[in-house]
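S.K.: Just dropping this structure here.
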Amino acid sequence: MTQETLATNPVANLSALVRCASVTPAEGGALGALEAMLVPLGFSVERVTFSDDDTADVENLYARLGSAEPHLMFAGHTDVVPPGDVAAWSKPPFEAAIVDDMMIGRGTVDMKGGIAAFVAACASYIAENGPPKGSISFLITGDEEGPSINGTEKLLKHADAKGEVWQGAIVGEPTNPEAMGDMIKIGRRGSLSGIITVHGVQGHVAYPHLADNPIRAIVAFCNALLETPFDEGTDTFPATNLEITSIDVGNPSVNVIPSKATAAFNVRFNDRWDAESLQMDIHNRLDQAAERLRSGTERLPVDFDITWKERPSPSFLTLDETLIAAMQQAVESVTGRTPKLSTTGGTSDARFIKDYCPVVEFGLVGQTMHMVDERVALSDLRTLTQIYRQFLDRWFA
Ligand SMILES: [Zn+2]
C-alpha cells in the first residue's frame, strides 16, 4: 500500500471531510469520504440509517479492524452545525481553505479534525506495525449536533446486538480550552431541565384582593431554587449549578394582573445527585416556598405545577486507570504538559458510551467551534495525531 492510500496525512483527511457539507441531518458525502479512508486500512465498514417519529432519518457508520481483544472504540460525529451567515466567513465554510497554517471551515474543530487525526494515527500505526494485536472500531454518527435520536445511542445498541464488546473508548470532541494538552475529560455533569407554572387569578391592578398575582409566587420560587447551593462540588466535579433560563408572563398590559407565570430552568449536576433525587429536592424547595407565601396571610394557596423535560442526562465518571493513564501519558509525551482531568462542560455522546465501556474524551482546542471562521491550526492537528498514535502504541503494547 502506498502512503496516499494509507491516509497518514491528517491535513488531507480533514480537507476531504470538511469539503462535505454535512450539516445535520445531511450525510453530505462525509461518511463516504471516511469509508474511503478506512477500507484501504483493512476496516470492514457498515453504514446504517436510523429512523424515528418526527425527526429526520440519519445515516451512521460503524467500522472495525480486527476481531481480537482489547477492542478500542473511537467515537465521534461527521455532522456539523450550519455555517450561519456565510458572507461573514473569510473563506467559504466548506472549502477547507488554508491560511497562515490554519484550516478554515465548518467542522474543522468540532469534530472532523478529531476524526481526521485518529484516522491518520491508525494509518501510521498500521504502516509501521501492521494491524494491532486487538481491534479498533470507529463509531461515527451524523446526528450529534441535531436531536441525537438517530445517532450514537442507536448505533451502540445496533453494534451491541451484533455482539460487539469494547474495552475502552475515546471520544474525539474538542476538549482543550486554550492549547493542546490542557484537558482530558473523564466524565460529565448531568443535565436536568424543567418549567414551573404558577396559576393565579387574573384581575384589575386596582382591585388586587379580587385577583391573585402569580408573579409574586414565581419570584419566590426562583429565589428558593437559587438561594441555597445544592452542594459544594467534589474532588472530581464542580458544584451543582442551577440557572433560571427564562421567566415569562406575556402580559402586555399595565393595569391587568396576569393569570399565569412560568419560569424555565436547567441544572448541571455532579455525581452526588441523580435526576430523581434532584427533582425531589427541587419539589421540596418549591413546596416550602409556597408554604412561606401563604403563612400568616389571607392569600389563596399557591397553585403551581412543574413539568420536567424528557431524557435528563445522568452524570458519570470514568474510573478506568489504564485508559486514563494511557491518554494522560500520550498527551504528556507529545506536549510536555500535564493535562487536567476534568468533568466540566456540556453533555456529549460519552454519556451513551459509558453504559458499554469506560470512555475518555480528548480532541482539539475548542475555541472556535460553532463560530464563523471555525478553524484549526495545522500544528494542533498534527499534535493530536501524534497523541492518538502514542495512545495506540500504549493501548496495544
Ligand atoms: Zn461535536
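S.K.: Out of everything in segment 43-69 that is in contact with a helix residue (DSSP H, G or I) (Cβ under 7 Å, 6 or more places away or on another chain) and away from the ligand (no atom under 16 Å from the Cβ), what residue ends up being nearest to Lys154 (Cα to Cα)?
M.R.: Result: Phe50.
S.K.: Provide a single number: the residues in segment 97-113 that are open to solvent by 50 Å² or more (accessible area, probe 1.4 Å) and in a strand (DSSP E or B).
M.R.: Summing the residues that are open to solvent by 50 Å² or more (accessible area, probe 1.4 Å) and in a strand (DSSP E or B) in segment 97-113 gives 3.
S.K.: Exactly one of these conditions fails for Pro92: (1) part of a loop (DSSP other than H, G, I, E, B); (2) within 16 Å of the ligand (Cβ to nearest atom); (3) not aromatic (Phe, Trp, Tyr). Give me its number.
M.R.: The single condition Pro92 does not satisfy is (2).
S.K.: Among the residues of segment 169-190, write down those that are within 18 Å of the chain's Cα centre (by Cα), among the small types (Gly, Ala, Ser) and away from the ligand (no atom under 16 Å from the Cβ).
M.R.: Gly187, Gly190
S.K.: Out of all the residues in segment 229-259, which are β-branched (Val, Ile, Thr), open to solvent by 80 Å² or more (accessible area, probe 1.4 Å) and more than 24 Å from the chain's Cα centre (by Cα)?
M.R.: Result: Ile247, Val254.
S.K.: Glu145 versus (1) in a loop (DSSP other than H, G, I, E, B); (2) at pLDDT 95 or above; (3) within 16 Å of the ligand (Cβ to nearest atom): which is the lone unmet condition?
M.R.: All conditions pass for Glu145, except number (2).
S.K.: May I pose another question? Hey, can you tell me all the residues within segment 43-70 that are among the aliphatic types (A, V, I, L, M) and over 23 Å from the mean Cα position of the chain (by Cα)?
M.R.: Pass one, segment 43-70, residues among the aliphatic types (A, V, I, L, M): 45, 48, 56, 58, 61, 63, 65, 68.
Result: Val45, Leu65, Ala68.
S.K.: Here is a further query. Got a sec? Which of Met111, Met73, Met102 is away from the ligand (no atom under 16 Å from the Cβ), modelled with pLDDT of 95 or more and under 21 Å from the mean Cα position of the chain (by Cα)?
M.R.: Criteria check complete, one pass: Met73.
S.K.: Based on this model, can you work out whether Leu72 counts as open to solvent by less than 50 Å² (accessible area, probe 1.4 Å), closer than 21 Å to Val171 by Cβ and in a helix (DSSP H, G or I)?
M.R.: No; evaluated as a whole, the condition is false for this residue.
S.K.: Let me ask you something else. Return a yes/no flag: does segment 378-389 have any residue that is within 16 Å of the ligand (Cβ to nearest atom), in contact with a Leu (Cβ under 8 Å, 6 or more places away or on another chain) and closer than 18 Å to Ala169 by Cβ.
M.R.: Yes, some residue in segment 378-389 is within 16 Å of the ligand (Cβ to nearest atom), in contact with a Leu (Cβ under 8 Å, 6 or more places away or on another chain) and closer than 18 Å to Ala169 by Cβ.
S.K.: Go through segment 148-168 and give me each residue that's open to solvent by less than 10 Å² (accessible area, probe 1.4 Å), within 24 Å of Ala30 (Cα to Cα) and away from the ligand (no atom under 14 Å from the Cβ).
M.R.: Asn150, Leu155, Leu156, Ala159
S.K.: Of the residues in segment 338-362, how many are within 19 Å of Glu321 (Cα to Cα), within 16 Å of the ligand (Cβ to nearest atom) and open to solvent by less than 20 Å² (accessible area, probe 1.4 Å)?
M.R.: Counting residues in segment 338-362 that are within 19 Å of Glu321 (Cα to Cα), within 16 Å of the ligand (Cβ to nearest atom) and open to solvent by less than 20 Å² (accessible area, probe 1.4 Å) gives 6.
S.K.: Looking only at segment 233-255, which residues are polar (S, T, N, Q), part of a strand (DSSP E or B) and in contact with a Ser or Thr (Cβ under 9 Å, 6 or more places away or on another chain)?
M.R.: Result: Thr245, Ser246.
The values are calculated or read from the model by the stated rules, or taken from the named source; none is laboratory data. Model, not experiment: these values are computed from the prediction. Virtual Cβ from ideal backbone geometry, glycine too; neighbours counted across all protein chains shown. For accessibility, only protein heavy atoms count, side chains too; no ligands or nucleic acids. Shrake-Rupley method; radii C 1.70, N 1.55, O 1.52, S 1.80 Å.
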